[in-house]
Amino acid sequence: MLFAPTLVGTSSGMDLVAMPELYWAFGYPFAILLMAVVCTSPYFVCKRRHWL
């Protein structure tokens, strides 16, 4: 579950030329929201399939 935020954070953090945070006002909130959605979605999928 923690692989996705690491992937999103490193992909946007390593690209110093085209960082969405620099030119778009909602860059950081969008990245954090994306990380939260990607982290919580496997939990709900597993919960729905009764794996948890």
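Within the range 25-35, track down each residue that is assigned to a helix (DSSP H, G or I) and without any contact (Cβ under 8 Å) to a residue 24 or more places away in the chain.
Here is the first cut: in the range 25-35, the ones assigned to a helix (DSSP H, G or I) are 27-35.
If the condition is that a residue be assigned to a helix (DSSP H, G or I) and without any contact (Cβ under 8 Å) to a residue 24 or more places away in the chain, then 27, 28, 29, 30, 31, 32, 33 are the ones that fit.
Scan the range 1-31 for residues that are at pLDDT 80 or above and surrounded by 11 or more Cβ atoms within 10 Å (Cβ to Cβ) and jot them down. So that I can check it myself, show each step before the final result.
Quick first cut of the range 1-31, residues at pLDDT 80 or above only: 25-26, 29-30.
Listed by number, the residues that qualify are 29, 30.
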| task | Given the conditions (1) surrounded by 10 or more Cβ atoms within 10 Å (Cβ to Cβ); (2) at pLDDT 80 or above; (3) not in a helix (DSSP H, G or I), report the number of the one that residue 50 does not fulfil. | result | (1)
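The values are calculated or read from the model by the stated rules, or taken from the named source; none is laboratory data. On a predicted model such as this, the values are computed, not experimentally measured, just so you know. Positions of Cβ are backbone-derived with ideal geometry, glycine not excepted, and every protein chain shown enters the neighbour counts.
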